[in-house]
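The values are calculated or read from the model by the stated rules, or taken from the named source; none is laboratory data. Treat the numbers as computed from the prediction; the structure is a model and nothing was measured. Methodologically, a virtual Cβ is constructed for each residue, glycine included, from the backbone with ideal geometry; neighbour enumeration extends over all protein chains shown. Just so you know, the surface numbers come from the protein's heavy atoms only, side chains and all, with ligands and any DNA or RNA stripped out. Shrake-Rupley method; radii C 1.70, N 1.55, O 1.52, S 1.80 Å.
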Amino acid sequence: MSPRTLDLSDRLYDYLLAVSLREAPILQELRQVTARHPAAQMQIAPEQGQFMALLVQLIGAERAIEVGTFTGYSTLSVALAMPDRGRIVACDVSANDTAIAQEFWQRAGVAHKIDLRIAPALETLDQLLADGQADCFDFAFIDADKKNYPNYLDRCLALVRPGGLIAIDNVLWAGRVADPTNQENNTEAIREFNARLHQDPRVDLSLVPIGDGMTLARRRPCPNLAS
């Protein structure tokens, strides 16, 4: 993740926030608490959270999946944007990090919308499919271990309805993906994932340079099989 959008000067970034960010106080407080976390760099940018909330509102999402929750800022952004009947399945492996998240979800009055699953995300996604929940979700956000991005995408494409939206974080990876001399495992994993997704016929997509880069992948409607 990135705590701010890449490659903006401090002056321009401050201006962007000043004229666009409408951050609820509870979100701002969670961001400040997370800034003291040893892994604070995993926090998404506030403008990214607001952008995701707007996407959720635009598509009328009522069921969402989150792969990678951390301290819950993205979850809270989405939950606040959903109607009271909205539900989010949040996948993470850290009970400690998500304990922070749960405190803020409770305080924000959205805890009833969030189904937190502490387990490897692939296990949770496979269980959702086994439970007959294919095509049942409107929105998904992927922000977890990079080597599994292709696997998370495949599961989310099965779980999200035709016309549903999947957002994938860190696809610019602080610019390292564009540096051919950088052969780090995570860089290579994201580089390969981006190339594969670019050719994926199952989706319409756009890579948006917000935060650390976020790809929006819309699951294409199923072909009309009527004779």
Amide H to amide H under 5 Å from V208: which residues, 5+ apart in sequence or cross-chain, H placed 1.01 Å off N in plane? M214, T215, L216
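Give, rounded to the nearest 20 debye, the magnitude of the charge dipole that the range 62-184 has about its Cα centre when Lys and Arg contribute +1 at Cβ and Asp and Glu contribute -1 at Cβ. Provide the component values of the computation, followed by the final result.
On the way: 11 positive and 18 negative charges, 44 e Å.
That gives the range 62-184 a dipole magnitude of about 220 debye.
Keeping the other protein chains in place, figure out the carbon and sulfur percent of the accessible area of the range 1-115, with a 1.4 Å probe. Walk me through the numbers on the way to the answer.
Working: 2940 of 5570 Å².
Carbon and sulfur atoms account for 53 percent of the accessible area of the range 1-115.
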Go through L172, Q133, V208 and say which Cα lies farthest out towards the positive end of the charge dipole of the chain; charges sit on Cβ, +1 for Lys and Arg, -1 for Asp and Glu. Q133
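Counting only protein heavy atoms, what percent of the accessible surface of the range 130-172 is carbon or sulfur at a 1.4 Å probe? Walk me through the numbers before you get to the answer.
Working: 590 of 1230 Å².
Percent of accessible area from carbon and sulfur atoms in the range 130-172: 48.
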Check which residues have an amide H placed less than 5 Å from I142's amide H, if you skip close sequence neighbours. V67, A167, I168, D169
Can you put I210, I142 in order of accessible area, largest first, using a 1.4 Å probe? I210, I142
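Sort the range 90-147 into rounded, prolate or oblate with this rule: let a ≥ b ≥ c be the square roots of the eigenvalues of the Cα gyration tensor; rounded if a/c is under 1.5, and if a/c is not under 1.5, prolate when a/b is larger than b/c, oblate otherwise. Intermediate values should be presented prior to the final figure.
Values: a/c = 2.05, a/b = 1.38, b/c = 1.49.
Oblate shape, in that a/c is at least 1.5 and b/c is the bigger or equal ratio.
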(i) 0.98; (ii) 1.18; (iii) 1.05, with the label sought being that of the calculated Cα Rg over 2.2 N^0.38 Å: (i)
Residue by residue through the range 73-84, the couplings from Karplus 6.51 cos²θ - 1.76 cosθ + 1.60 with θ = phi - 60°, in Hz, x for Gly and Pro, are 5, 5, 4, 5, 4, 5, 4, 5, 7, 8, x, 4
For the chain: accessible area per residue (Å², 1.4 Å): 48 Å²
